[in-house]
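This report refers to the structure that appears directly beneath it.
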Amino acid sequence: MIELIPAGLVHADLLAGMHRICFAEPWSATSMAEVLALAGSEGLIAVDGASLAPAAEPPGPAGLVLWRRIFDEAEILTIAVLPPWRRQGLGARLLEAAMDSAARGGALTMFLEAAANNHAAIALYQSKGFCPVGLRKGYYGGVDGVTMSCGLDQTSVEP
Ligand SMILES: CC(C)(COP(=O)(O)OP(=O)(O)OC[C@H]1O[C@@H](n2cnc3c(N)ncnc32)[C@H](O)[C@@H]1OP(=O)(O)O)[C@@H](O)C(=O)NCCC(=O)NCCS
């Protein structure tokens, strides 16, 4: 069973290790720590909870999401799922958890960006209600960056 645990500075190496597997231009542990230290930054790590059992293998990381909220706007900074766990709903779960947390913190809108040729990511974002709102020409080494946004559900937020 996959569990989501809060990411902290102590996890910078783990986060960087996962990023290295998932991205051509990964963030270093130092970058992870710097991002997590920014005001309003939060993160979640998906771990294989079944392997937390005493006799089992060490916990296996499965994915991550980092986001930042500033007043009523939030932004997904990075999101990734390790290859063995893809297409099992984990990316959607991480994104939903980030959206819920940002909404609870007071965010009304969430933004993110993806390379225009990252069809998996764009399909994931569209499935969660994100719509394109801008284009950054050639932002990813010649590939356009698509900026997307989604209004956050305030109905489940405690007054
Ligand atoms: C993008 C990413 C996070 C998706 O994670 P995931 O756990 O596989 O996504 P989910 O299983 O939650 O998929 C949810 C929906 O997104 C869409 N989707 C996800 N991967 C897809 C793919 N490869 N092709 C088409 N649609 C896809 C589908 O609509 C899917 O729903 P479905 O499985 O019921 O059809 C993962 O592919 C990844 O880590 N990629 C590398 C890092 C990356 O590109 N991060 C985003 C940077 S902008």
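Cβ-Cβ distance below 9 Å, separation of 6 or more or different chains: which pairs start in segment 16-35 with a residue that is free of Cβ contacts under 8 Å to residues at least 40 places away in the same chain and more than 19 Å from Ala120 (Cβ to Cβ) and end on one that is of a type in the set (S, T, N, Q) and in a helix (DSSP H, G or I)?
Within 9 Å, the pairs are Ala16/Thr30; Ala16/Ser31.
For residues in segment 107-134 being surrounded by 13 or more Cβ atoms within 10 Å (Cβ to Cβ), more than 22 Å from Ile70 (Cα to Cα) and more than 6 Å from the ligand (Cβ to nearest atom), which is farthest from the chain's Cα centre (by Cα)?
Ala116
I'd like to verify a number: residues in segment 87-101 that are touching a helix residue (DSSP H, G or I) at 6+ places or on another chain (Cβ under 8 Å) and either more than 7 Å from the ligand (Cβ to nearest atom) or without any contact (Cβ under 8 Å) to a residue 12 or more places away in the chain (or both), how many?
1
Laboratory data are not the source of any read-out in this text; all were calculated from the coordinates shown. Owing to the predicted nature of the structure, the values given are computational and were not obtained by experimental measurement. No Cβ is skipped: glycine too gets one built from the backbone with ideal geometry, and neighbour counts run over all protein chains shown.
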